[in-house]
Amino acid sequence: MSKKATLIFSRHGESEWNVANIFTGWVDVDLSEKGLGEAKGAGELLKAEGLKIDVAFTSYLKRAIKTCNLALEAADQLYVPTNKSWRLNERMYGGLTGLDKKETVVKHGAEQVQIWRRSFDIPPPALEKDNKYHPCHEAKYKALDPKDLPDTECLKDTIARVMPYWEEAIVPELKAGKTVFVAAHGNSIRAIVKMIEGISDDVIPGLEIPTGTPLVYELDGDLKPIASPLAVEPLKFGRYLGDAEKIKAAAEAVKNQTKVG
Amino acid sequence: MFKQVDAKVKAALTRELNTGSHAIKVLMAVPKAEQEKPRARRRLAAVVIAFSVALGIRLGIATLDVSTIESYGTHTLVLLRHGESEWNLENRFTGWVDVDVSAKGAEEAVNAGRLMHEANLSLDIAFTSYQKRAIKTLNLALEELDALWIPVTKSWKLNERMYGDLQGLNKAETTNKFGEEQVTEWRRSYAVPPPPIKEDSPYHPRLDPKYKNIPKNKLPLAESLALTIDRVLPFFRQSIAPELRKGKKVLIAAHGNSLRALVKILDNVPEDKIVGLNIPTGVPLVYRLNRQLKPVPLPGHADLISGTYLGDPDWVQGKISGVKNQAKVR
């Protein structure tokens, strides 16, 4: 007998490099004070909604892991089994990693930066292996197959390495009717939401996922999403928990990070 | 070799250390012919290492380094007892009640991470209980080690001993109510559990959603240390030992009694000794195990056990003796 499942996304909140307006990608920066608060807030919303999480998934990056832990703690569910995978990491930003967003616009022009940020299949230039930010220097990626370790990614690349994990690790839990919490990043969440919502390649790069605010999907026994009257365009199935106005404002704020002047 | 070096020798060694050449002088004191023999050279290296370690320990230099630690045995297992909890502050029997760490307890966790970092320890996998004071201790220590990404397995089998009807009671009040002797027996007996938790207690585990999947006949209503071991040992064998055998470096962040259970299992500590063994909070206890998962005694190891605590030895000793006085009524 197939069961209904619940899938909840929470994009981590403000990080130290969000504050500094620097392209982050795989660099393992911490949450800012505000980001810590957003994580707790997400957990409080989960608790208020009465959501009982069975299993959690997160990335290898501490801004997501801490968001996961703080949200679970605020929801009184810190004991929930949590699985971590590099496949849920943020998009790897290649040669833009560590660069200031506005400076990059001044240097390359708004259009080029917009392409690197929001193109579906055009990646930023590759990051050199001798760059201090290259993941090859980090213990956390030592076990990876070298061909899996990216020098850069476009959204298409990110999706290609997220979805195998979705299939192997997350889908079985949903098929068992579990309530699954995924605490991750803008682009790794976009990857899965694209598939669930059936969003096209040219629309998905522009989909803003507000930080901290849990995004909830109800799925039927075949993992088809159930439409929600509370869904916000362009989503048909996913609904955000919390204040609707705040959600709109938060999505706008992320968009404005590369606005110059 | 590992005993404390006396004051005169310490002064001499300090001078040598300050000139940075003491090890070289020791080497030079050995006739050249002797140095060329491989066995003699290894013995000499051991002397120099032990010498430096003894010197380091006596001068209070924090901690063994991973290179020293890894020269013993094959597998690394680190045990970490969570720090001060909110109910430690209130001196209440806690057991399975899910109280938080206090601010001090959180600081102890961060410090534990720091000590492991200073020892250059790296870890591959961690285990902890269902209780937030242990989970938060683990997360804070891992963060300090820059190892938040490692896989973590949580299990109620690593929970603190379930304290039955004593849970929630102030320790001094319990002493006044039942007498110091009875309370001591419940706290420190190997096989006598406290009275079972009452059906209408607000702290009954059946009210706690985290235990909803435990079959009713497995859900403890009170535990002795013996009963705690009965549920820790199978978990160690089924879940932890296989990781060690794979060569993973394991960290277990847990509680006084679940760690006592593990130490008893590892070091075969006798029943009458394990009950009184104080494992200090927030101090990483490092074990090296051989291929059969038997502990290899480490330099500076504590009494009765093969593992060694990280940190300044005086500080560690102070922490070990600090736990004993909780039931004393003023």
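Couple of notes before you dig in:
- Answer from A:Lys140, A:Lys107, A:Lys178, A:Lys84 - the residue that is basic (Lys, Arg) and over 30 Å from B:Arg133 (Cβ atoms): A:Lys107
- Long-range neighbours under 8 Å by Cβ, at least six apart or interchain, first residue more than 10 Å from every other protein chain (Cβ to nearest Cβ) and in contact (Cβ under 8 Å) with a residue 12 or more places away in the chain within segment A:134-154, second β-branched (Val, Ile, Thr) and open to solvent by 70 Å² or more (accessible area, probe 1.4 Å): A:Cys154/A:Ile122
- Taken together, the residues in segment B:99-151 that are assigned to a helix (DSSP H, G or I), more than 11 Å from chain A (Cβ to nearest Cβ) and aliphatic (A, V, I, L, M) amount to 8.
- Residues of segment A:73-88 that turn out to be more than 9 Å from every other protein chain (Cβ to nearest Cβ) and either of a type outside the set (Lys, Arg) or outside any helix (DSSP H, G or I) (or both), as a count: 4
- Per this entry, B:Pro193 is not counted among residues that are open to solvent by 40 Å² or more (accessible area, probe 1.4 Å), more than 27 Å from B:Thr68 (Cα to Cα) and within 14 Å of chain A (Cβ to nearest Cβ).
- Boolean, A:Val29 is away from chain B (no Cβ under 14 Å) and in contact (Cβ under 8 Å) with a residue 12 or more places away in the chain: no
- Residue in segment A:80-103 that is closer than 16 Å to B:Trp149 by Cα and among the aromatic types (Phe, Trp, Tyr) present: yes
- Within segment A:182-204, tally of residues that are assigned to a helix (DSSP H, G or I) and either under 18 Å from A:Leu219 (Cα atoms) or open to solvent by 20 Å² or more (accessible area, probe 1.4 Å) (or both): 9
- A:Lys62 closer than 11 Å to A:Ala183 by Cβ, buried (at least 20 other Cβ atoms within 10 Å of the Cβ) and among the charged types (D, E, K, R): no
- Residue selection: B:Arg133 satisfies the criterion of being under 20 Å from B:Leu207 (Cβ atoms), crowded, with 18+ Cβ neighbours inside 10 Å and under 18 Å from the mean Cα position of the chain (by Cα).
- Wholly within segment B:218-330, helices (runs of 4 or more DSSP H) carrying at least 3 residues that are over 22 Å from B:Ala106 (Cα atoms) and touching a residue at least 12 places away in the same chain (Cβ under 8 Å): B:225-235, B:241-245, B:256-267, B:271-274
- Residue count, segment A:144-166 (criterion: among the hydrophobic types (A, V, I, L, M, F, W, C) and open to solvent by less than 20 Å² (accessible area, probe 1.4 Å)): 4
- For segment B:288-308, the count of residues that are open to solvent by 50 Å² or more (accessible area, probe 1.4 Å) and either within 27 Å of B:Gly179 (Cα to Cα) or among the aromatic types (Phe, Trp, Tyr) (or both) is zero.
- Qualifying residue in segment B:153-175 (condition: at pLDDT 95 or above, assigned to a helix (DSSP H, G or I), open to solvent by 40 Å² or more (accessible area, probe 1.4 Å) and facing chain A (nearest Cβ under 10 Å)): no
- Test: residue in segment A:109-126 that is within 12 Å of chain B (Cβ to nearest Cβ) and outside any loop (DSSP other than H, G, I, E, B): no
- If you check A:Leu215, A:Leu207 for being closer than 25 Å to A:Pro172 by Cα, open to solvent by less than 20 Å² (accessible area, probe 1.4 Å) and among the aliphatic types (A, V, I, L, M), only one passes: A:Leu215.
- B:Leu140 vs. criteria open to solvent by less than 40 Å² (accessible area, probe 1.4 Å) and in contact (Cβ under 8 Å) with a residue 12 or more places away in the chain: no
- Neighbours by Cβ (under 6 Å, 6+ apart or cross-chain): first from segment B:104-122, farther than 16 Å from B:Ala147 by Cβ and open to solvent by 40 Å² or more (accessible area, probe 1.4 Å); second assigned to a loop (DSSP other than H, G, I, E, B) and not basic (Lys, Arg): B:Lys104/B:Glu84
- Evaluation of A:Lys40 against (1) more than 10 Å from chain B (Cβ to nearest Cβ); (2) open to solvent by 40 Å² or more (accessible area, probe 1.4 Å); (3) touching a residue at least 40 places away in the same chain (Cβ under 8 Å) (one fails), failing number: (3)
The values are calculated or read from the model by the stated rules, or taken from the named source; none is laboratory data. Source: prediction; values computed, not measured. Note that we place each Cβ from the backbone using ideal geometry, even for glycine, and neighbour counts take in every protein chain shown. Just so you know, the surface numbers come from the protein's heavy atoms only, side chains and all, with ligands and any DNA or RNA stripped out. Shrake-Rupley method; radii C 1.70, N 1.55, O 1.52, S 1.80 Å.
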